[in-house]
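S.K.: Quick one: this structure, given as structure tokens, is what I'll be asking you about.
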Amino acid sequence: PYRKVVDGKVTDQIDYLTADEEDRFVKAQANTVLNPDGTFAESRVLVRTKGGETELARAEEVDYIDVSPRQMVSVATAMIPFLEHDDANRALMGSNMQRQSVPLLKSEAPLVGTGMEYRAATDAGDVISAEKAGVVEEVSADYVTVMNDDGTRTTYRVAKFKRSNQGTSFNQKPIVAEGDRVEVNQVIADGPCTDQGEMALGKNLLVA
């Protein structure tokens, strides 16, 4: 995905380009400094041109700008802290090994993260998020009932020790208590490999 740039001004239009399509355009980086009105703060911008070459171009020549600096790496790779300081082979092994992790009985969110842990956990669909804002009315191992602000009542079923397609244990645990206030999209139950709504693949070990 790229944001369209018209006459040196970044618009809210998002276009999805294939690899051969994007090669025909001049693309600026996502962290390029912009003015409040969406124009480029500097007259010359660092861009990627045909063939992947990097050069400085005039702001009027830019066709697109990246949506996020992270869009060039996968979700697993984006969860490696200080990725730019890692050897390429080690980073490759690290991102592959994250996909091979199995759920722990006691999940533990990493002390050092990149900010992708919450989105990775919630977007995967393994956690239960509140559909409406309200107050938690009842909590048990099997369900969570929320009295919504609009007067309706919602009961969320919690999966207990189901079998996943990979043959691992799929278990969800409520992380709210009776009387707690919940907002829309707030995580109310952890899934496997999550801790307080954040991705938790391993343990924070103390090593010598």
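The values are calculated or read from the model by the stated rules, or taken from the named source; none is laboratory data. Fair warning: this is a prediction, and the values are worked out from it, not measured in the lab. Every residue, glycine among them, receives a Cβ derived from its backbone with ideal geometry; neighbour counts consider all protein chains shown.
S.K.: Exactly one of (1) in contact with a Phe, Trp or Tyr (Cβ under 9 Å, 6 or more places away or on another chain); (2) at positive phi is unmet by residue 125. Its number?
M.R.: With (1) in contact with a Phe, Trp or Tyr (Cβ under 9 Å, 6 or more places away or on another chain); (2) at positive phi applied to residue 125, the lone miss is (1).
S.K.: Those residues that are over 20 Å from residue 77 (Cα atoms) and not in a strand (DSSP E or B), I need them from the stretch 123-135; list them, please.
M.R.: Matches in the stretch 123-135: 127, 130, 131, 132, 133.
S.K.: Also: What's the number of the condition residue 138 fails, among (1) part of a strand (DSSP E or B); (2) in contact (Cβ under 8 Å) with a residue 40 or more places away in the chain; (3) surrounded by 15 or more Cβ atoms within 10 Å (Cβ to Cβ)?
M.R.: If we test residue 138 against (1) part of a strand (DSSP E or B); (2) in contact (Cβ under 8 Å) with a residue 40 or more places away in the chain; (3) surrounded by 15 or more Cβ atoms within 10 Å (Cβ to Cβ), just (3) comes out false.
S.K.: With the stretch 36-83 as the region, which strands (runs of 3 or more DSSP E) entirely inside it contain at least 3 residues that are not assigned by TED's automatic domain parsing to the domain that holds residue 16?
M.R.: By residue number, no strands (runs of 3 or more DSSP E) qualify.
S.K.: For the stretch 1-24, which residues satisfy the criterion of being surrounded by 11 or more Cβ atoms within 10 Å (Cβ to Cβ) and either among the basic types (Lys, Arg) or over 27 Å from the mean Cα position of the chain (by Cα) (or both)?
M.R.: Hits for the stretch 1-24 are 3, 4, 6, 8, 9.
S.K.: Cβ-Cβ distance below 7 Å, separation of 6 or more or different chains: which pairs start in the stretch 88-104 with a residue that is farther than 19 Å from residue 126 by Cα and end on one that is outside any helix (DSSP H, G or I)?
M.R.: Every condition considered, the pairs that remain are 91/80; 94/80; 95/74; 95/80.
S.K.: Of all residues in the stretch 84-122, count the ones that are polar (S, T, N, Q) and in a helix (DSSP H, G or I).
M.R.: Of the residues in that region, 5 qualify.
S.K.: Okay, next question. Looking only at residues that are buried (at least 19 other Cβ atoms within 10 Å of the Cβ) and farther than 19 Å from residue 164 by Cα in the stretch 177-194, which one is farthest from the chain's Cα centre (by Cα)?
M.R.: Step by step, filter the stretch 177-194, then rank; the result is 182.
S.K.: Now for a different question. Residue 30 - would you say it is part of a loop (DSSP other than H, G, I, E, B), of a type in the set (Gly, Ala, Ser) and in contact with a helix residue (DSSP H, G or I) (Cβ under 9 Å, 6 or more places away or on another chain)?
M.R.: When the stated conditions are applied, residue 30 passes them.
S.K.: Provide a single number: the residues in the stretch 141-183 that are under 30 Å from residue 101 (Cβ atoms), in a strand (DSSP E or B) and of a type outside the set (Phe, Trp, Tyr).
M.R.: 8
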